[in-house]
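Below: the structure, in structure tokens.
The values are calculated or read from the model by the stated rules, or taken from the named source; none is laboratory data. All figures in this text were calculated on a predicted structure; none of them were measured in a lab. Every residue, glycine among them, receives a Cβ derived from its backbone with ideal geometry; neighbour counts consider all protein chains shown.
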Amino acid sequence: MAELRYAEDGRLLFTEEMRKEYKVLVPQMAPYHFDYLVYALQSEGYDAELLKTDDYELIHEGMKYSHNDICVPAMLVIGQFIDAIKHRGYDDEKVALIIVQTGGGCRASNYIKLLRKALEKAKLSHVPIISLNAQGYEKNPGFSITPRLLHKFHDAVLFGDTLMTLTLQTRPYEKHEGETDRLREAIAEELRTYFDHNKVFTWRRNKKMIRSIIERFQRIETVDKPKPKVGIVGEIYVKYSPLGNNHLEYTLEKEGVEVVIPPLYDFFLYSFSSSAHDIERYGGKKRIKWAYRAIIWYIEIRREKIRKMMRRAGFDTPIPFKDLKNLVKGFIDYGAHTGEGWLLPAEMIDLIEHGAPNIVSTQPFGCLPNHIVARGMLKKLKRHYPESNIVAIDYDTSASKINQINRINLMVSNAFRQFEKEDAQ
């Protein structure tokens, strides 16, 4: 066992020795994206492994070691970690945990402290935790976000968003059942070695790979039978995680609709934009504000190249970030940053205006800001868009899965009714 070292604030450090000897466990938070983030970590010498347990019963493991009033995503992530260490065969003296720390007003900023308390309660306080964040919190001698790793993360999110969009637009219409998922799995396996390079920038390589992915999806045989589109929005974890939303994407597709999920990268751009907004409104270093805007500009250039390739291949594409931001003018202030802030209503408006007025808004228990910017906007959205068909679903420890499914099915029934009415006109 590596020698345990502690920071001045008393937290256990992840050391260089641990980097060589320890397995780093990563929670599954977005299934289209996190495989590639783990590949990026592995390519930089970390023995990283993605936890893929997705039974909602994991929440009970989290409840044992955290407060019942804490939000559902925290309980699920804590439960997934502790379940892995206790029941999945990992050596608790050779394992470390990595968790995203967002900063700001969300309790997600405190997951790391909640996790430490949970580990202590579970007699696992010797397990180090790595904070993955862009603010420089909790530095560890054995982990650093280098420019090369940062750019690999950037490529990973681009791949995840591209594959998610292509999969969701192809799978409901595939002529041969299972072909879309088989292709996605094959591409995921190919991307395992994509990140094994020592370059900081890989524009041409990335563009070539994404063009190949789009062309392969384009070759899948599909049937020309349109279906109602249903969008998924909400709190960042339950929006993407099957563990957090009881496999909502699968549930909806089984009902015969096409699912639309906004890109994960929009959330990061929203975070950068919000930070720049706060500096402009409340004061701060202007160079940092311009740095955030430069990052958004750079990322959008890369994303636009992908959007053009997808449009040429006949796929619908997400709108540019600046257009997404403009949608909420007159609806909500850009100073609303917690609970997914102005991004959440912007995504709902985008879905409504681009053919997916049927929306499931996912809210986890314990996330009051998310309830405010989601449920609080529904009446105003309904006034402006009377055709909208939005259902807000709560995901919490006491929520009945049957009740969730019944409410989703009612929304889907309304979606089909409206779709058939429009088709008959």
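Annotations
- Test: R303 is more than 22 Å from R383 (Cα to Cα), free of Cβ contacts under 8 Å to residues at least 24 places away in the same chain and of a type in the set (K, R): no
- The single residue among D278, D316 that is modelled with pLDDT under 95, surrounded by 13 or more Cβ atoms within 10 Å (Cβ to Cβ) and acidic (D, E) turns out to be D278.
- The range 158-190, residues that are surrounded by 14 or more Cβ atoms within 10 Å (Cβ to Cβ) and among the charged types (D, E, K, R): D161, R171, E174, E179, R184
- Filtered by the rule that a residue be surrounded by fewer than 20 Cβ atoms within 10 Å (Cβ to Cβ) and within 19 Å of E347 (Cβ to Cβ), the range 395-410 gives a lone residue, I408.
- Filter result (among the hydroxyl-bearing types (S, T, Y) and in a loop (DSSP other than H, G, I, E, B)) within the range 376-425: Y385, S388, T397, S398, S400
- G234, sole failed condition from (1) in the same structural domain as V391 (by TED's automatic domain parsing); (2) out of contact with any Leu (no Cβ under 8 Å at 6 or more places or on another chain); (3) within 22 Å of V412 (Cβ to Cβ): (2)
- Counting only helices (runs of 4 or more DSSP H) that sit wholly inside the range 94-212, those with at least 2 residues that are of a type in the set (S, T, N, Q) and within 24 Å of the chain's Cα centre (by Cα) are 147-170.
- Hits in the range 271-298 (condition: outside any loop (DSSP other than H, G, I, E, B) and in contact with an Asp or Glu (Cβ under 8 Å, 6 or more places away or on another chain)): K289
- Scanning the range 327-351 for residues that are in contact (Cβ under 8 Å) with a residue 60 or more places away in the chain, surrounded by 21 or more Cβ atoms within 10 Å (Cβ to Cβ) and in a loop (DSSP other than H, G, I, E, B) yields H337, G341, W342.
- Of the helices (runs of 4 or more DSSP H) lying entirely inside the range 1-69, the ones with 3 or more residues being in contact with a Gly (Cβ under 8 Å, 6 or more places away or on another chain) and at pLDDT below 90 are found at 58-65.
- Residue satisfying all of: in the range 191-226; aliphatic (A, V, I, L, M) and surrounded by 17 or more Cβ atoms within 10 Å (Cβ to Cβ); nearest to G178 (Cα to Cα) among these: I220
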